[in-house]
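The structure appears right after this line, and notes come after that.
The values are calculated or read from the model by the stated rules, or taken from the named source; none is laboratory data. All values reported here derive from a predicted model rather than from experimental measurement. Cβ placement follows ideal geometry from the backbone for every residue including glycine, while neighbour counts extend to all protein chains displayed.
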Amino acid sequence: MAEYQILPRVLTSDLPGMTRLIYLTVRELVDESGVLQRSQDYIAKVAGVSRRTVIRHVEILEAAGHLIVHRAPRNSRVCNVYTLPDYTPPPAAVTPPAEAEIPAPEPPADDPYTPDELPKLPGLTAATILRLVAQYGFTRVSAIIAYAQAQHNLTNPPGFVVRAVQGQVGELDLHEYETNIRFRHNPGMRYVSGADAAFVNY
């Protein structure tokens, strides 16, 4: 589900654009309580403006009620303290589970494989390949990945593989690739081509 955040009131107000820039700069620098204690020179450097510009637009924000300023004594080495009265911390990012935590599906009896036989393709995560194998079978996914690796004119191999597995790219000649995969554990099998094509032991 998408996350939505309410815009601060200052961004929908009729305050000057420079004032909003200073507000956003302060907002970016505050701590989790919405408080910032930094020098005017530092805020100016971050915003890319002059110190005088910071002073002027902080006063505008303060007068409009968007910023509370606790000023340090004149000529002291202490910085002013800026507080955003309507500050709400952004929602914490949700960390997806690591791929290692995603269990591999049980191989079907008619299309067995071991985890170390799962195909690899740059741009396709192991989790995506596992999901495709669970839905469409090890042999089909492996054959299409092998097919994609043999093509030199694909601009987006991962996207091609996903579409091909889902049957969205038309017919592909996967016979040779599927043959090699199905009989990878039986080197005594050979494919005889021609009208009477069949697998035979030699």
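Go through (1) surrounded by fewer than 17 Cβ atoms within 10 Å (Cβ to Cβ); (2) modelled with pLDDT under 90 one by one and return the number of the condition V133 breaks.
(1)
For the range 131-160, enumerate the residues that are within 19 Å of the chain's Cα centre (by Cα) and in a helix (DSSP H, G or I).
Correct list: R131, P157, P158, G159.
Suppose the filter is of a type in the set (A, V, I, L, M, F, W, C), at pLDDT 85 or above and surrounded by fewer than 14 Cβ atoms within 10 Å (Cβ to Cβ); does A143 pass it? Full working, then the answer.
Values: of a type in the set (A, V, I, L, M, F, W, C): yes; at pLDDT 85 or above: yes; surrounded by fewer than 14 Cβ atoms within 10 Å (Cβ to Cβ): no.
So A143 fails the test.
State all residues of the range 18-56 that are within 32 Å of the chain's Cα centre (by Cα), assigned to a loop (DSSP other than H, G, I, E, B) and of a type in the set (V, I, T); if no residue qualifies, say none.
V30
Kindly list, by first and then second residue, each pair from a residue in the range 142-165 that is closer than 25 Å to F183 by Cα to a residue that is of a type in the set (K, R), limited to pairs with Cβ atoms under 9 Å and residues at least 6 apart or on different chains.
I145/K120; V165/R140
Yes/no per residue for (1) surrounded by 15 or more Cβ atoms within 10 Å (Cβ to Cβ); (2) without any contact (Cβ under 8 Å) to a residue 24 or more places away in the chain; (3) under 22 Å from D14 (Cα atoms):
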| site | (1), (2), (3) |
| --- | --- |
| L36 | yes, no, no |
| S39 | yes, no, no |
| L61 | yes, no, yes |
| H66 | yes, no, yes |
| A72 | no, yes, no |
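Just one of D173, D196 is assigned to a loop (DSSP other than H, G, I, E, B), at pLDDT below 80 and farther than 18 Å from D116 by Cβ; which is it?
After ruling out the rest, the residue left standing is D196.
Being surrounded by 15 or more Cβ atoms within 10 Å (Cβ to Cβ) and either modelled with pLDDT of 90 or more or more than 29 Å from the chain's Cα centre (by Cα) (or both) is the filter here; which residues of the range 1-17 pass it?
Passing the criteria: V10, L15.
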